Amino acid sequence: MSVFINDDESGLHQDFERWLEELAPENPYSRYLHNGYEDNGDAHLKKTIMTREVTIAITNNDADSGPWEQIFYKKIDGKRDKRMLM
């Protein structure tokens, strides 16, 4: 999983998907030495690029961010259930 802050702009999430898949394609599974019990070697590399935690400034009890910024949760490896603590 990944948690990140970015602008909530049209097409941005699809651009992330495409970019990550170019950097660490899921297939062929044989390209990753890590694959074995689970074929998720690509997900481990993708999680290294995307952040797992964020720090958010709070001003007057409100998140201090840009006008279009949002906090996003991205499930990269769909093999197991994940949970998010806030």
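I need the full set of residues from region 64-78 which are aliphatic (A, V, I, L, M) and at pLDDT below 85, in order please. Write out each step before concluding.
Start the filter on region 64-78 by keeping residues that are aliphatic (A, V, I, L, M), which leaves 71, 76.
Scanning region 64-78 gives a single hit, Ile76.
This table checks each residue for (1) of a type in the set (A, V, I, L, M); (2) surrounded by 12 or more Cβ atoms within 10 Å (Cβ to Cβ); (3) in contact with a Leu (Cβ under 8 Å, 6 or more places away or on another chain); (4) assigned to a helix (DSSP H, G or I).
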residue: Val3; (1), (2), (3), (4): yes, yes, no, no
residue: His13; (1), (2), (3), (4): no, yes, no, yes
residue: Phe16; (1), (2), (3), (4): no, yes, no, yes
residue: Ser30; (1), (2), (3), (4): no, no, no, yes
residue: His34; (1), (2), (3), (4): no, yes, no, no
residue: Asp42; (1), (2), (3), (4): no, yes, no, yes
residue: Arg52; (1), (2), (3), (4): no, no, no, no
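Looking at region 20-65 only, could you name the residues that are over 17 Å from Val3 (Cβ atoms) and of a type in the set (Gly, Ala, Ser)?
Ala24, Ser30, Gly36, Gly41, listed by residue number.
Picking from Arg83, Arg31, Arg52, which residue would you name as being at pLDDT 85 or above and either within 24 Å of Leu12 (Cβ to Cβ) or of a type in the set (D, E, K, R) (or both)? So that I can check it myself, show each step before the final result.
Values: Arg83 fails: at pLDDT 85 or above; Arg52 fails: at pLDDT 85 or above.
The match here is Arg31.
With respect to Glu26, determine if the residue is touching a helix residue (DSSP H, G or I) at 6+ places or on another chain (Cβ under 6 Å) and either over 13 Å from Lys75 (Cα atoms) or surrounded by 12 or more Cβ atoms within 10 Å (Cβ to Cβ) (or both).
Criteria met by Glu26.
The values are calculated or read from the model by the stated rules, or taken from the named source; none is laboratory data. The structure displayed is predicted, hence computed values, not measured ones. Here Cβ is always computed from backbone atoms with ideal geometry, including for glycine, and neighbour counts include all displayed protein chains.
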